[in-house]
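J.: If you scroll down you'll find the structure; I have some questions about it.
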Amino acid sequence: MEMKAVFRENRGGKALCPVGRFGPETAKRTRRFHESFPEYQLTPLAALDDLAKRVGVASIHMKDESCRFGLNAFKVLGGSYAIGNCIAKRLGVRLEELPFGELLSGGANGKLGEPTFATATDGNHGRGVAWTAHRLGLKSVVYMPKGSAAERLANIRALGAEASITDLNYDDTVRLARTESEKNGWILVQDTAWQGYEEIPALIMEGYTTMAAEAFEQLGGRLPTHVFLQAGVGSMAAAVAAYFAAVGGEDHPTVVIVEPDQADCFYRTAEADDGKLHAVTGEMRSIMAGLCCGEPSPLAWEILRDYADGFVSMPDEVAARGMRVLGNPFGKDPRVISGESGAAAFGAVIEILTNPEHTQLKEKLYLDGNSRVLCFSTEGDTDRENYRRIVWDATMILPDDF
């Protein structure tokens with residue numbers, strides 16, 4: 001399977017983007033916030049030891065986010081943390097001072113008024129925003145791009161959100177959510193940034209550090225040598241990369257960013273290396289719906305520009321293979337149910353390690369018998385019908401065919 005890659009040379013000797021905001025101290029705060037929810041539990045870190053031996057690396061670990069708050073995806077970490085901060089600001093207190101149990105019981109609603117939280121999403125982020133608003137007895141409005149799965153729309157509506165699928169691609173759907181929020185006085189909770197809209201996306205990224213800190217703890221405080229991360233707008237990838245950069249300093253892991261070849265805006269930006277962001281426009285038809293974002297978040301790029309070592313653009317078949325390998329584990333390894341976007345980075349790891357066509361890429365990344373690889377399965381089977389098509393029938397149905 002054809003994969004394209006571009007590498008960034010070590011940025012030593014120049015001023016790097018500061019990552020302290022997404023480091024261990026922030027992760028402690030975000031985790032305390034998330035632990036205040038009754039639904040909180042530590043999501044599993046699957047050790048794929050038998051697979052690692054077979055493909056010739058020291059270890060492969062997969063953080064399984066299918067258990068996160070019962071929502072089958074990690075995105076609620078960012079949305080809930082951003083909403084919590086918005087509410088705290090509205091009440092005139094710091095989030096650390098806010099008795100969140102009171103909010104969960106509706107005790108502070110009289111002070112809040114009736115804010116409405118809005119967002120654009122392919123499914124997982126919007127579900128997290130809708131879930132948080134629902135838990136607080138507040139309103140949410142969610143816009144979804146053309147081709148979004150009906151199951152994901154139904155899951156969001158089940159949480160009381162006003163949700164709809166547009167005739168627009170993801171980036172234009174974001175613009176619609178922005179316009180409607182400005183017109184109606186809603187609070188936009190979006191995980192991508194633009195000029196004048198940086199604080200909420202940065203808070204969402206802070207929320208994702210809970211996941212990174214958990215993984216580091218579960219690894220016994222030993223840094224992985226390689227972290228493979230899938231990117232849509234890049235907020236999760238940048239937050240995790242920044243966390244490990246802050247923890248590891250000069251010894252931070254090799255970070256590889258993975259994207260669908262139909263929406264590879266970070267790959268294109270890294271390849272051009274001209275100081276500009278490069279977007280993908282038009283329809284982006286990939287099974288990795290959660291990664292079909294054509295415009296990179298500037299906040300994410302500032303971090304990945306300095307701390308990501310490689311950017312990979314790959315076809316759908318790579319993610320599909322990742323889903324099947326995780327769902328049919330080797331030897332005594334645990335099974336991980338991972339969706340199309342969730343398995344993307346892992347699929348790239350398996351493809352690089354097992355396909356002789358990618359020997360040069362493997363060597364360039366220094367993947368060998370000493371490598372300790374960490375991936376994040378950011379979603380489970382959030383579109384169960386399509387998951388079964390892929391893992392049972394090896395059939396990939398693109399969004400417009402749903």
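The values are calculated or read from the model by the stated rules, or taken from the named source; none is laboratory data. Predicted model, so just to flag it, every value in this text is computed and none were measured. In this analysis, Cβ positions are derived from the backbone assuming ideal geometry, glycine residues included, and neighbour counts consider all displayed protein chains.
J.: Among the residues of the range 39-88, how many are assigned to a helix (DSSP H, G or I) and not charged (D, E, K, R)?
T.: Residues flagged as assigned to a helix (DSSP H, G or I) and not charged (D, E, K, R) within the range 39-88 amount to 20.
J.: Another question, then. What number of residues in the range 169-199 are more than 28 Å from Ser286 (Cα to Cα) and assigned to a helix (DSSP H, G or I)?
T.: 5
J.: Output yes when any residue across the range 215-224 is in the same structural domain as Ala47 (by TED's automatic domain parsing), within 18 Å of the chain's Cα centre (by Cα) and under 19 Å from Lys364 (Cβ atoms), and no when none is.
T.: no
J.: Here is a check on your reading of the model: is Arg268 assigned to a loop (DSSP other than H, G, I, E, B) and at negative phi?
T.: Considered against the rule, which asks whether it is assigned to a loop (DSSP other than H, G, I, E, B) and at negative phi, Arg268 comes out as no.
Here's the yes/no breakdown for (1) basic (Lys, Arg); (2) within 28 Å of Met236 (Cβ to Cβ); (3) in a loop (DSSP other than H, G, I, E, B); (4) at pLDDT below 85:
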position: Arg90; (1), (2), (3), (4): yes, yes, no, no
position: Glu96; (1), (2), (3), (4): no, yes, no, yes
position: Glu102; (1), (2), (3), (4): no, no, no, yes
position: Gly110; (1), (2), (3), (4): no, no, no, yes
position: Glu114; (1), (2), (3), (4): no, no, yes, yes
position: Ala118; (1), (2), (3), (4): no, yes, no, no
position: Asp122; (1), (2), (3), (4): no, yes, yes, no
position: Gly126; (1), (2), (3), (4): no, yes, no, no
position: Ala133; (1), (2), (3), (4): no, yes, no, no
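J.: Further question on the same structure: Please go through the range 135-164 and pick out each residue that is among the basic types (Lys, Arg) and in a helix (DSSP H, G or I).
T.: Arg135, Arg152, Arg157
J.: So in the range 118-173, with the set limited to residues that are of a type in the set (Ser, Thr, Tyr), out of contact with any Cys (no Cβ under 6 Å at 6 or more places or on another chain) and surrounded by 21 or more Cβ atoms within 10 Å (Cβ to Cβ), which one is nearest to Leu71 (Cα to Cα)?
T.: Thr132
J.: Taking the range 212-228 as the search range and keeping residues that are surrounded by fewer than 24 Cβ atoms within 10 Å (Cβ to Cβ) and among the hydrophobic types (A, V, I, L, M, F, W, C), which one is farthest from Leu277 (Cα to Cα)?
T.: Going through the qualifying residues, I end up with Leu219.
J.: Here are some conditions: (1) under 19 Å from the mean Cα position of the chain (by Cα); (2) within 26 Å of Asp383 (Cβ to Cβ). Glu198 meets all but one. Which one does it not meet?
T.: Unmet condition: (2).
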